[in-house]
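Here's the structure we're looking at; comments come further down.
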Amino acid sequence: MRSAEQFDAIGTRWTVRTPDPLDGVTLDRVHARIAGYDAVWSRFRADSLVARMARRPGVYGLPAEGVALLDLYDVLGERTDGAVSPLVGRSLERLGYDAAHTLVPSGPPVAAPRAADVLDRDGDRLVVREPVLLDVGAAGKGQLVDLVADVLAVCGVDDVLVDAGGDVLRRGGAGGGRSEPVRVGLQQPGDATRAVGVVELDDAAVCGSGVDRRAWGDGLHHVLDARTGAPTRDVVATWAVAGSAMVADGLATALFFAEPERLEVLFDLEYVVLHADGSARWSLGLPGEVFA
Amino acid sequence: MSTSRPTALALAGLTLAAALAGCAADATAADAAADASADQAGTAADAATSAPAEERSPYADGTYEQTATYTSPAGEESIAVSLTLEDGVVTAVAVTPQATNPTSLTFQTDFASAVADQVVGVPVDSLELDVVSGASLTTGGFSDAVDAVAADALG
């Protein structure tokens, strides 16, 4: 993994590591893929599909990846009794995490609407009966990491580490007979110089979700319980290891709300969950260790 | 990085209280099928008592193995846990599923987890890491906005 390409996109720092430098055409395709995703799912621009759905009812066609994304949200919503939902856009805005980044609450928390009340989905067709603001932050960044890795594979680069602000996917690892496993440190919340554990990634993804980076006030951060619209309190950081970054990202969010066993029934995952008091729980199959 | 923290293993509804005085768990994730051979074998302590850090551990070095049985809907099942102690520190944990019913076996392997009272942050420089994963690093708009809000608050 001698070569690294770094850039900012969708509000975070990306690093793509490959054995050899990426050529210009491949890099252009990566940026195009990210731009295309942003144009659909960004809550922070007025011309995105998400912004249009928040202004006007109607029938909207989702891009192909939207089906897998919303299918995952359906499962996570069921596993967390509704705590995880893509309909939390207005709840985030209410607390101040709006398109203008005012970061000041405009009122008390407001619960997200129930999907059944405002929209219907049939495959890739979304029938929006009442305007609704989606936020797919719980799993969208992970999906985009997978999609970037897909673009690289199509361009012939299949030994890769894609890191989008700490959501990390490794493809073509030791299992594929190439480079060694990648060591990923699990950052101690609030202290970027320390790690509370290490995960070794072979052909898998590890995604972290935590309350310290996107926090803007007393108790105000971006991991919301959709049922109340309020930020979570007890769990402060989670990591999930899964086969894809989309699933790892979604599960990392779900771990704030659901007991790990509820997720382990349906998903092949390993995890670490940290609580506000410094205690932790992790799966014994975790490929790595937790320092305790 | 040893600290005197009790460590408990939670296994699919079965709690094995193996907290040993003066130990810290170097919680290396053990493969469920890991070999549990050792020089000495004895029964693991099942009472969880914590002692002040200054006391010497009363437990001799070696590997302690315990097989626990429980009643599942499929009948009686067992699961084996081994802990290896060196100088009063738990250096290895191995869980060996022994369930015979396929569902029970799945539960024993899929749901095994560990808990700790207190994680300890280790300096990243000492860990030979390729990447650090934490809460999403923010750039641009969000960071600027936080700065602006802070400036407002001061003004």
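The values are calculated or read from the model by the stated rules, or taken from the named source; none is laboratory data. Quantities reported herein were computed from a predicted structural model and do not represent experimental measurements. As a convention, Cβ positions derive from the backbone with ideal geometry for all residues, glycine included, and neighbour counts pool all protein chains shown. All accessible areas refer to the heavy atoms of the entire protein, side chains included, with ligands and DNA or RNA removed. Shrake-Rupley method; radii C 1.70, N 1.55, O 1.52, S 1.80 Å.
Hey, which of the helices (runs of 4 or more DSSP H) in the range A:1-109, taking only ones fully inside, have at least 1 residues that are polar (S, T, N, Q)?
Once the helices (runs of 4 or more DSSP H) in the range A:1-109 are filtered for at least 1 residues that are polar (S, T, N, Q), what remains is A:24-41, A:89-95.
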- Listed residues A:211, A:235; which is open to solvent by 10 Å² or more (accessible area, probe 1.4 Å) and within 7 Å of another protein chain (Cβ to nearest Cβ)? A:211
- Filter the range A:262-290 for residues that are loosely packed, with under 15 Cβ neighbours inside 10 Å and either free of Cβ contacts under 8 Å to residues at least 12 places away in the same chain or within 7 Å of chain B (Cβ to nearest Cβ) (or both) and give the result. A:265, A:277
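Results for (1) in contact with a Phe, Trp or Tyr (Cβ under 7 Å, 6 or more places away or on another chain); (2) within 14 Å of another protein chain (Cβ to nearest Cβ); (3) surrounded by fewer than 17 Cβ atoms within 10 Å (Cβ to Cβ), shown as yes or no for each residue.
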{"site": "A:64", "(1), (2), (3)": "no, no, yes"}
{"site": "A:74", "(1), (2), (3)": "no, no, yes"}
{"site": "A:79", "(1), (2), (3)": "no, no, no"}
{"site": "A:98", "(1), (2), (3)": "no, yes, no"}
{"site": "A:105", "(1), (2), (3)": "no, yes, yes"}
{"site": "A:108", "(1), (2), (3)": "no, no, yes"}
{"site": "A:120", "(1), (2), (3)": "no, no, yes"}
{"site": "A:123", "(1), (2), (3)": "no, no, yes"}
- Residues within the range A:12-38 that are within 17 Å of the chain's Cα centre (by Cα), open to solvent by less than 30 Å² (accessible area, probe 1.4 Å) and of a type outside the set (Val, Ile, Thr), tallied: 2
- Task: Could you list, in sequence order, all residues of the range A:6-27 that are among the charged types (D, E, K, R) and within 14 Å of chain B (Cβ to nearest Cβ)?
- Result: A:8, A:13, A:17
- Query: With A:11, A:58, A:82 as the choices, which residue is at positive phi and modelled with pLDDT under 95?
  - Reply: A:11
- Quick one: in the range A:39-62, of everything that is open to solvent by 10 Å² or more (accessible area, probe 1.4 Å) and of a type in the set (Val, Ile, Thr), which residue is nearest to the chain's Cα centre (by Cα)? A:40
- Name the residues in the range A:157-190 that are at pLDDT below 85 and charged (D, E, K, R), would you? A:178, A:180
- Query: Quick one: is residue A:192 within 8 Å of chain B (Cβ to nearest Cβ), within 18 Å of residue A:163 (Cβ to Cβ) and either open to solvent by 20 Å² or more (accessible area, probe 1.4 Å) or part of a loop (DSSP other than H, G, I, E, B) (or both)?
  - Reply: yes
- Note on the structure: Of the residues in the range A:141-164 that are assigned to a loop (DSSP other than H, G, I, E, B) and closer than 13 Å to residue A:27 by Cα, the one that is most open to solvent (accessible area, probe 1.4 Å) is A:156
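Scan the range A:266-292 residue by residue and report those that are part of a loop (DSSP other than H, G, I, E, B) and in contact with an Asp or Glu (Cβ under 8 Å, 6 or more places away or on another chain).
A:276, A:278, A:279, A:285, A:286, A:287, A:292
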- Conditions (1) modelled with pLDDT of 85 or more; (2) open to solvent by less than 50 Å² (accessible area, probe 1.4 Å) -> residue A:220 fails only (1)
- Note on the structure: Checked the range A:217-240 for anything in a loop (DSSP other than H, G, I, E, B), out of contact with any strand residue (DSSP E or B) (no Cβ under 7 Å at 6 or more places or on another chain) and charged (D, E, K, R); matches are A:218, A:227, A:233
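Is it fair to say residue A:234 is of a type in the set (D, E, K, R) and touching a Phe, Trp or Tyr at 6+ places or on another chain (Cβ under 7 Å)? Even if it seems obvious, please write down each step before you answer.
Numbers: of a type in the set (D, E, K, R): yes; touching a Phe, Trp or Tyr at 6+ places or on another chain (Cβ under 7 Å): no.
Criteria not met by residue A:234.
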- Task: Give me a count of the residues in the range A:138-152 that are modelled with pLDDT under 95 and more than 14 Å from chain B (Cβ to nearest Cβ).
- Result: 0
